[in-house]
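Comments concern the structure below.
The values are calculated or read from the model by the stated rules, or taken from the named source; none is laboratory data. Since we're looking at a predicted model, the values are computed, not measured. Methodologically, a virtual Cβ is constructed for each residue, glycine included, from the backbone with ideal geometry; neighbour enumeration extends over all protein chains shown. When the accessible area is computed, the model is the full protein with side chains, heavy atoms only, and any ligands, DNA or RNA have been set aside. Shrake-Rupley method; radii C 1.70, N 1.55, O 1.52, S 1.80 Å.
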Amino acid sequence: MHRLFAKLRTKATAPSGEVNIDALGLAVSLAFEETDRDRRRTERSITLMVDELEQLNRNLEDVVARRTAELHERERELRDQNLRFDAAINNMSQGLIMFDAQGNLVICNQRYLDMYGLTRDQITPGISMVEVFKCRIAANTFAGVAEIYCNDVMRELASGQIAGRMVEMRDGRTISISNRIVPGAGWVATHEDITERRVAQKKILHMAHHDLLTDLPNRIMLGESLGHALTHAARGYSLAVMYIGLDHFKTINDTLGPDTGDDLLRIVANRLRNCIREGELVARVGGDEFAVVQNGVTSPMDAALLARRIRETLGAPYYLRGQTAIVDASIGITLSPGDATEPAELLKNADMAMSRAKAEGRGTYRFFEPEMDARMQSRRTLELALRNALPNGELELYYQPVVNLADNTVTSCEALIRWHHPERGMISPAEFIPVAEEIGLIIPLGEWVMRKACADAATWPDGIKVAVNLSPTQLTSPQIVPAVIHALAAARLPAQRLVLEITEAVLMQNTGTTLAALHQLRELGAQIALDDFGTGYSSLSYLRSFPFDKIKIDRCFIKGLDDGAESGKIVRAITGLAHSLDMATVAEGVETEHQLEQVRQLGCTEMQGYLFSKPVPLGEVSALFARTVTLKRSAA
Ligand code: C2E
Ligand code: CA
Ligand code: CA
């Protein structure tokens, strides 16, 4: 202050040394003002600084609060996570146990304790593996020496590999153990009780290899067991494979019902089980077919003896839900190594031999012969060719007239199918119709015949009907009535001009549906003829079961007329019966003038046969309609 004042005074002092008071006063007041400004400036700065500091402080507090909250949050999360981890570990379906690299317990879950009958206070973190296993020995859930087992595990661990294992427990449980090394921290083992899964797997495996109804091994298992038996067959001994087919099982099933049929099959299975020795096999290979593998066969006689015993056993009466049934069996036998050495081939052989036994009258056994194979091959070739016959246009309809014996005119023509085989030439329907039946081809084939026959007949004079043969399978098919209606409609042929020929075999199958279809067809206006009459079993009861329009007397009786034997009496009886039932009678297969005379005398109302005409192609049939006179003359 002094220096400032001295400076101001020097400034206000004239060179003469006189002090200018006014100037000094002005200078001093100026100096004061400046100092005051400085002070105010400083004060403002300080205020600003304080504000700044306060703001900083507030920010810092915010940060601290936020960090603290975050920390709390983390802590809570960690706690939750731990809880979840504990819950997860303790609720695992597997037992879990973890050891550190030294083999001391890190963690063990509740499931592990439960699985091995341990308690939480026994198994505390830090105890050694050996102690864990000693506890398990005490709980009777470990069979072994704890130290040895643990040493083994530790050795495996040291080698960098801990193998998983499957353990069968004393109480029957199966435990699957899998180990995983935790890098630098020991290992964790999970224990899974797979008892139920194994039982289910075993069950599935059993089901895949056994027949549900009889619990016998099925075809798959038969193949596998046969393969095994073949590789282990004792030197010098043969093995016999038998196919056993129940005769007429279908009839039993149809008449007594499927449940009774099932009962019968179960009893058959049990009887077969009792026929074989230890180490031999019975299997069910089809609906009513079984197979037996016989070991230690020294000669075909051994197999024949067993086959006879099987037939005898199966032939004893069956008492089923209040009914008694008798069942016979047809058996096919093949021997290994004589006939074949491959399971598939042996089974095929046995099947073929069984078919032969069935074909030769059933209720018998047949050994396989190589020529059966050849026959089977040609049959298969025939099937294949037959499937192509229709699309290839190899089928044709021939027509054979049926002549009314009252006025000797043609009343109808029977459609008879012909197959022009590209290599074999003409094949008889007697050969291929049964094959078509068996492979189901008869349905499309029969529909083709129906359409073609109706279309052909539509070109004939109004008075001439067309007769179409229907096989059993066609009549049990729900398609038969619509198929007939379609064929008639497409050809614009009145139903009254259609005759449907069926045999007794048709009535033997599924009578209910068959009769219903026949009634429907008859109501449409078609006539129904009973074909091949006299060759079946209980013809008279069939005559009563349906109001047939005509009966075709089988050719064998007409042929018999020449011998002067019983045939005449039979034909007379049939025509008498038919007359009283208001049915027409056709004599089939009339070949001679003599036969014609006789059938006329015996009361037949119509005839059909080579004498008048063989079956002819469509193009030749109309010429026959005019030939009625010829017959009239020759017959007169
Ligand atoms: P079927 O219905 O009894 O037919 C009569 C068979 O006797 C025919 O044989 C016919 O040619 C033959 N025949 C007719 N008159 C005489 C004769 O005087 N002497 C001799 N020896 N035979 C005579 P085909 O044509 O070989 O037919 C055989 C069987 O094939 C038929 O017997 C029938 O059951 C079946 N069939 C033919 N065509 C068809 C068809 O379109 N559908 C069905 N389901 N079966 C058919
Ligand atoms: Ca016929
Ligand atoms: Ca016939």
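Only bridges with both residues in the chain count here: give the DSSP antiparallel percent, nearest 5.
Approximately 70 percent, going by the DSSP bridge assignments.
With θ set to phi - 60° and the Karplus curve 6.51 cos²θ - 1.76 cosθ + 1.60, what are the ³J(HN,Hα) couplings of the stretch 12-28 in order, to the nearest whole Hz, using x for Gly and Pro?
8, 9, 6, x, 6, x, 7, 8, 7, 5, 4, 4, 5, x, 4, 4, 5
Loop-only chymotrypsin sites (Phe, Trp or Tyr not before Pro) in the stretch 175-254, please: DSSP not H, G, I, E or B, and at most 14 other Cβ atoms within 10 Å.
Those satisfying the criteria are Tyr237.
Could you sort Lys348, Lys134, Lys550 by their accessible area in this structure, using a 1.4 Å probe and putting the largest first?
Greatest to least solvent exposure: Lys134, Lys348, Lys550.
Roughly how many Å is it from the Cα centre of the stretch 62-92 to that of the stretch 114-184, as a whole number?
33
Sequence-distant or interchain residues sharing an amide H contact under 5 Å with Val106, placed H: which?
Placed amide hydrogens put Met98, Phe99, Asp100, Gly126 under 5 Å from Val106.
Using the Karplus curve 6.51 cos²θ - 1.76 cosθ + 1.60 with θ = phi - 60°, work out ³J(HN,Hα) for each residue of the stretch 246-262 in order, rounded to whole Hz, and write x for Gly and Pro.
For the stretch 246-262, the Karplus curve yields 6, 7, 6, 5, 4, 4, 4, 4, 5, 7, 8, x, x, 5, 5, x, 4 Hz.
So between Thr511 and Val182, what do we pick up on full extension, going 0.36 nm a residue minus the alpha carbon distance?
So the extension gain works out to 110.8 nm.
Taking Cα atoms, how many degrees apart are the long axis of helix 567-580 and the longest axis of the chain, rounded to 10 and kept between 0 and 90?
70
So which trypsin sites (Lys or Arg not before Pro) in the stretch 28-120 end up in coil per DSSP with only 16 or fewer other C-beta atoms within 10 Å?
Passing sites in the stretch 28-120 are Arg120.
Can you list the residues, at least 5 places off or on another chain, whose amide H is less than 5 Å from the amide H of Asn469, using H built in the peptide plane?
Ala415, Glu501
Heavy atoms only, probe 1.4 angstrom, no DNA, RNA or ligands counted: give me Thr459, Thr260, Thr195 ranked by accessible area, highest first.
Thr459, Thr195, Thr260
Taking Cα pairs under 8 Å and at least six residues apart, what relative contact order does the chain come out at, in percent?
Relative CO of the chain lands at 7 percent.
Say each of Leu540 and Val28 gets a label point 7 Å from the Cα, pointing the same way as Cα to Cβ; how far apart are those two points in nm?
If labels sit at Leu540 and Val28, their model points lie 17.2 nm apart.
Please work out the FRET efficiency for the pair Thr341 and Val167, using the Cβ-Cβ distance as r and a Förster radius of 56 Å; give the result to the nearest 0.05.
Efficiency computed from Cβ-Cβ geometry: 0.85.
Which loop-located trypsin sites (Lys or Arg not before Pro) does the stretch 387-433 contain, where loop means any DSSP state but H, G, I, E or B and the Cβ has at most 12 other Cβ atoms within 10 Å?
Filter output for the stretch 387-433: Arg424.
Could you give the angle, 0 to 90 degrees to the nearest 10, between helix 300-315's Cα long axis and the longest principal axis of the Cα atoms of the chain?
90
Could you order Val63, Val285 by accessible surface area, starting with the largest, using a probe radius of 1.4 Å?
Val63, Val285
Sort 437-447, 204-214 for me by packing, meaning the mean count of neighbouring Cβ atoms within 10 Å per residue, highest on top.
Sorting 437-447, 204-214 by mean packing, highest first, produces 437-447, 204-214.
Roughly speaking, what is the stretch gain from Arg266 to Arg79, that is 0.36 nm per residue apart minus the C-alpha to C-alpha distance, in nm to one decimal?
60.9 nm
Got a sec to turn the phi values of the stretch 115-125 into Karplus ³J(HN,Hα) couplings, 6.51 cos²θ - 1.76 cosθ + 1.60 with θ = phi - 60°, whole Hz, x for Gly and Pro?
Whole-Hz 3J(HN,Hα) from phi for the stretch 115-125: 4, 10, x, 10, 10, 4, 6, 6, 9, 10, x.
On a 0 to 90° scale, report how tilted helix 480-491 is relative to the longest principal axis of the chain, with both axes built from alpha carbons and the result rounded to the nearest 10.
Between helix and principal axis, roughly 70 degrees.
Helix-derived [θ] at 222 nm for the chain: sum -39500 (n - 2.57) over DSSP H runs of at least 4, divide by residue count, nearest 500?
Rounded to the nearest 500, the figure is -17000 deg cm²/dmol.
Would you give the gap between the C-alpha center of the stretch 326-394 and the C-alpha center of the stretch 441-462, rounded to a whole Å?
34
Before anything else, pin down the relative contact order of the stretch 460-600: Cα pairs under 8 Å, at least 6 apart, normalised by residue count, whole percent.
This gives 19 percent for the stretch 460-600.
Under 5 Å between amide hydrogens, which residues at least 5 positions from Val182 or on another chain qualify, with H placed 1.01 Å from N in the peptide plane?
Correct list: Trp187, Val188.
Taking only protein heavy atoms into account and a 1.4 Å probe, give the accessible area per residue of the chain in Å².
55
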